[in-house]
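The values are calculated or read from the model by the stated rules, or taken from the named source; none is laboratory data. Because the structure is a prediction, the values reported are computed rather than measured. Please note: Cβ atoms are built from the backbone with ideal geometry, for glycine as well, and neighbour counts cover all protein chains shown.
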Amino acid sequence: MREKIYRWIFTILAFSSLVFLAGIIVVLFTEGLPIFKTTGFFNFIFGQSWYPTYEPPEFGILPIILASVMVTAGAMVVCVPLGVGSALFIHELASENVRSILKPVIEILSGIPSIVFGFFGMVIISPFIQKLLDLPTGLCGFTASLVLGIMAIPTICSLSEDALSYVPKSYREASLALGANRWQTLMQVVLPAAGSGISTSIILGMSRIAGETMTVLMVAGGSAVIPTSFFLPIRPMTSTIAAEMGEAVVGSNHYHALFAIGLILFLVTLVFNVIAELISRKYRMKLGLAQ
Amino acid sequence: MKTKNIALAVVLGLVMSSGTLSAAGKKIVMEGSTTVLPIAQIAAEEFMKMNPEADITVRGGGSGVGAASLIDKSCDIANMSRAMKDTEVQKAVGRGVEPKAHVVAMDGIAVILNPSNPIKSFTRQQVKDIYTGKISNWSKLGGEDKKIVVVSRDSASGTYEAFGALALGGAKLRKDALMQASNQAVANTVGATPNGIGYVGLGYITDKVKAVPVAGVTISKTTVLTAKYPYSRPLFMYTNGAPQGDVKDFFDFLLSADGQKLVDEAGFVALKEKK
């Protein structure tokens, strides 16, 4: 009897997150779709002007989408080499002592709240970059990419390190036994074997960057123009929602437009996560780790 | 199966009801503009000190949120840094709510520059040209040959709307303006950007920025109250119909000399100037 009760309790708990997910999806669709009817799909996605509070309002989110794409791409340039590089170092080169310090420290980085990163970027990095490069303002795509890239390092590093450690020892031993040196073994045996695990980590890092809000709100500047340079202020999707949702009239077109941006963002990160899941499943099978 | 259904119903019920919990009894809920928030907060604290049985909750969220919750009847007082829009009033009337405006204070919007900027004053036209994109270099105004970094509040804020109406006459803001999420962030950005220009509420002028006279008038409490300063605006609190009971007592307090002293302390302009 008691066992049965526990069983129900845990079943309910497990399914509750499904309920929340379903609720979120339903709300995003019901609140987001009306704008496609009033503005038109093409005008909404490819419109170049974002003037939500004027008469007549304009809801063109192309500059906002491109800003998200740009800042994500920029952040990847920062976090992929650093994240994968640190994973390789921790796994292949570091001694036990170094590893036991480095790994937890990198993981602490992931526990820092994003507002702290945003504050750091706004108060320290942005004025520094402005002076260093003699820019009109340091609040720009470059600074945002840099800070977001740093934020995504722990995700990529710790997942890549896991992927490296899943490579069976026999692979490495076989390669070394055939006379390959350490570098050849790493580049031609270990990396290809861990490749899909590392790709998964990169995609999950990307999904974290694309969804990051507080930092870009504080650091990216927030101009809704089509981004033409990394050194100009830009306004990604997340910060648009965060900055305007509080003041949008509930039920207005502006309100629906913000939900529609959220919907697009949700679909994009969903695609990222599905791809990551597919790759990692394939990879587990390849290494014979599937049950 | 049945247990699961009941549990689901409970979860959903909780999620849904949290939005509609209304203010019952003596509890007063105020919600809305972050600009009006400091006034609401300090006035509520003082009022509760004087009337220990009163219970006032103050929430931010923005003018739009305030209007929406007044319409939903989930707040008693909506704080707003702009007047209610026609669409909002219509919606309220449709739901049987009769929004009544109360001006509780005056606020001035200062045009601020980095202290290192040599510019001494603006005409209204110059401010408009900078913010609409006609002027993009300080040299056109007699300053250095540097690009102007235009800083604005995000396009949904009450301050932005007030500035858009008062300074731009409804013209569209240039697209490349930096959007900041709060008055404080605008002041910080201009303070850190030598070629920046921004606008903030009177209470947010710090020593890291300088407020520049517009049309020959320096912003001050007096010039805002007399509306000599061009970018002056009233701050509102809206109620459903004429205030009654505790809500009425609250307004009586806020509009009294003591209440208006708190407005002054919060950095805004009291409705009656005290000598």
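Which ones in segment B:178-225 are among the aliphatic types (A, V, I, L, M), within 14 Å of chain A (Cβ to nearest Cβ) and within 18 Å of B:Asn114 (Cβ to Cβ)?
B:Leu178, B:Ala185, B:Val186, B:Ala187, B:Val190, B:Ala192, B:Ile197 - these are the residues of segment B:178-225 that are among the aliphatic types (A, V, I, L, M), within 14 Å of chain A (Cβ to nearest Cβ) and within 18 Å of B:Asn114 (Cβ to Cβ).
Any residue in segment B:168-184 that is in contact with a Lys or Arg (Cβ under 9 Å, 6 or more places away or on another chain) and hydroxyl-bearing (Ser, Thr, Tyr)?
Yes, that holds for at least one residue.
Out of A:Gly83, A:Gly32, which single residue is under 17 Å from A:Met237 (Cβ atoms), in contact with a helix residue (DSSP H, G or I) (Cβ under 7 Å, 6 or more places away or on another chain) and surrounded by 14 or more Cβ atoms within 10 Å (Cβ to Cβ)?
A:Gly32
Can you tell me which residues in segment A:39-73 are within 29 Å of A:Ser160 (Cβ to Cβ) and buried (at least 20 other Cβ atoms within 10 Å of the Cβ)?
Matches in segment A:39-73: A:Ala67, A:Ser68, A:Met70, A:Val71, A:Thr72.
If you take the residues of segment B:201-251 that are of a type in the set (Phe, Trp, Tyr) and in contact with a strand residue (DSSP E or B) (Cβ under 7 Å, 6 or more places away or on another chain), which of them is nearest to B:Asn183 (Cα to Cα)?
B:Tyr231
Looking at (1) in contact with a strand residue (DSSP E or B) (Cβ under 9 Å, 6 or more places away or on another chain); (2) within 14 Å of chain B (Cβ to nearest Cβ), can you tell me which one A:Ala260 breaks?
(2)
For segment B:62-80, which positions are facing chain A (nearest Cβ under 10 Å), touching a helix residue (DSSP H, G or I) at 6+ places or on another chain (Cβ under 7 Å) and either outside any helix (DSSP H, G or I) or at pLDDT below 90 (or both)?
B:Gly62, B:Ser63, B:Gly64, B:Val65
Which one is nearest to B:Gly203 (Cα to Cα) among residues in segment B:154-166 that are buried (at least 22 other Cβ atoms within 10 Å of the Cβ) and either in the same structural domain as B:Ala83 (by TED's automatic domain parsing) or among the aliphatic types (A, V, I, L, M) (or both)?
B:Ala162
Would you confirm whether or not segment A:266-278 contains a residue that is out of contact with any Gly (no Cβ under 6 Å at 6 or more places or on another chain), within 14 Å of chain B (Cβ to nearest Cβ) and among the charged types (D, E, K, R)?
Among the residues of segment A:266-278, not one is out of contact with any Gly (no Cβ under 6 Å at 6 or more places or on another chain), within 14 Å of chain B (Cβ to nearest Cβ) and among the charged types (D, E, K, R), which makes the answer no.
For residues that are in contact (Cβ under 8 Å) with a residue 40 or more places away in the chain and surrounded by fewer than 15 Cβ atoms within 10 Å (Cβ to Cβ), tally how many sit in segment A:114-124.
1
So, in segment B:193-250, exactly how many residues are basic (Lys, Arg), assigned to a strand (DSSP E or B) and more than 20 Å from B:Leu173 (Cβ to Cβ)?
Residues that pass the stated criteria total 1.
May I ask you to list the residues in segment A:54-99 that are free of Cβ contacts under 8 Å to residues at least 40 places away in the same chain, out of contact with any Pro (no Cβ under 8 Å at 6 or more places or on another chain) and within 30 Å of B:Thr87 (Cβ to Cβ)?
A:Tyr54, A:Glu55, A:Pro56, A:Gly60
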